[in-house]
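Could you have a look at this structure, given as structure tokens, before my questions?
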Amino acid sequence: MLKRNELDALEERYSRIIGHCVRERRMSLSWSQQRLADASGLSRAEIQFVERGRRRAKIGTVRRLCAALGVSYLELAAQAERVDREWEKLGR
């Protein structure tokens with residue numbers, strides 16, 4: 001069983017990775033944060049927090065972002081897994 005500090009570290013890493021993936025997808029569409037905010041129904045501040053990994057995005061938030069970005073939750077999760085492996089190799 002994970003200790004509380006280990007769980008916190010995993011959640012923080014997950015938040016940074018998901019934020020990175022959301023930002024990559026948004027930028028691949030040449031969208032501004034405001035455009036993503038408008039498309040997802042979230043505030044631009046929320047988009048900023050998610051992309052920077054400063055807020056642990058709830059599943060509902062991630063699903064709204066996925067819908068706005070035109071990717072499934074499973075596609076984003078697969079991308080996050082790839083990023084996690086890449087970061088692991090880089091020692092991030």
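Read-outs throughout are calculated quantities, based only on the coordinates presented, and are distinct from any laboratory measurement. This one's a predicted model, so the numbers in the text were calculated from it and none came from an experiment. Note that we place each Cβ from the backbone using ideal geometry, even for glycine, and neighbour counts take in every protein chain shown.
Could you tally the net charge around GLN79, taking each other residue with its Cβ under 13 Å from the Cβ of GLN79, Lys/Arg +1 and Asp/Glu -1?
Counting the neighbours of GLN79, the net charge comes to 0.
Kindly provide the helix-only [θ] at 222 nm of the chain, computed as the sum of -39,500 (n - 2.57) over DSSP H runs of four or more divided by all residues, to the nearest 500 deg cm²/dmol? Don't skip to the end; give the middle numbers.
Working: 5 runs with 71 residues, N = 92.
After summing the helix terms and dividing by the residues of the chain, the value is -25000 deg cm²/dmol.
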